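The block underneath contains the structure these notes are about, expressed in structure tokens.
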Amino acid sequence: TGGFGGSVPAGKLGVIKDGVKQGGGFFYVPEARSWITVYPAAALPVAEAIYPENILVAMREGIAVISQQCPHLGCRVPECATSQWFGCQCHGSQYTGVGEKKAGPAPRGMDRFPATISAAGDVTIDTGSVVPGPAIGVNTTGQEAEGPHCTSGGEH
Ligand code: FES
């Protein structure tokens, strides 16, 4: 467990899920430079055909583990509480709450890190194995914006 670039312990799955709720839909793990959000069980059948196995492990447990780094030019992407999406402040890329791309100049959805969940419920994020985000057009959850956006979503 050596901080970013290695395996980062993120805590118990139940604590993380509570943290997502307390964070208004978003849980930040600074040491992993990652966001964790809810991945809805209803969307899993679609996700199974799209995401690699090492990413599905966490999704099957109800969480998406998402790199904070925008796949456009690398800015840290903040959450948008009103839309319940992510909105990059640098050039306006927008992503759903599970980091699937909706608008802006980014070339794909937000990148991911594999996570493992032990029998005791301890979540560990492997920040040394970034997995590129899903292609433009992938929208496994169909989540519409739940309020006003925090960025324009336009091209720069
Ligand atoms: Fe995020 Fe450009 S770095 S949209």
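The values are calculated or read from the model by the stated rules, or taken from the named source; none is laboratory data. Fair warning: this is a prediction, and the values are worked out from it, not measured in the lab. Cβ: placed from backbone, ideal geometry, glycine included. Neighbour counts: every protein chain shown.
The table below lists the values:
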| read-out | value |
| --- | --- |
| Pairs where the first residue, in segment 67-79, is under 18 Å from Phe4 (Cα atoms) and the second is modelled with pLDDT under 95 and more than 6 Å from the ligand (Cβ to nearest atom), C-beta under 9 Å, 6+ apart | none |
| Residue within segment 97-118 that is within 11 Å of the ligand (Cβ to nearest atom), under 22 Å from Val29 (Cβ atoms), touching a residue at least 12 places away in the same chain (Cβ under 8 Å) and out of contact with any Gly (no Cβ under 7 Å at 6 or more places or on another chain) present | yes |
| Residue match in segment 27-48 (condition: of a type in the set (Gly, Ala, Ser) and in a loop (DSSP other than H, G, I, E, B)) | no |
| Top-ranked residue of segment 36-84 - restricted to ones that are among the charged types (D, E, K, R) and closer than 24 Å to Gly11 by Cα, ranked as surrounded by the most Cβ atoms within 10 Å (Cβ to Cβ) | Glu79 |
| Criterion violated by Ile55 - all others in (1) over 16 Å from Thr124 (Cα atoms); (2) hydrophobic (A, V, I, L, M, F, W, C); (3) part of a helix (DSSP H, G or I) satisfied | (1) |
| Filtered residue count, segment 68-89, keeping only those that are part of a strand (DSSP E or B), farther than 19 Å from Thr127 by Cα and within 11 Å of the ligand (Cβ to nearest atom) | 2 |
| Single residue of Gly11, Gly3, Gly19, Gly92 found to be assigned to a strand (DSSP E or B) and more than 17 Å from Gln143 (Cβ to Cβ) | Gly11 |
| Per-region count, segment 1-52, residues over 13 Å from the mean Cα position of the chain (by Cα) and not basic (Lys, Arg) | 33 |
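Residue-by-condition table, conditions (1) in a loop (DSSP other than H, G, I, E, B); (2) small (Gly, Ala, Ser):
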| position | (1), (2) |
| --- | --- |
| Ala106 | yes, yes |
| Met110 | yes, no |
| Ile125 | no, no |
| Gly133 | yes, yes |
| Thr140 | yes, no |
| Glu146 | yes, no |
| Ser152 | yes, yes |
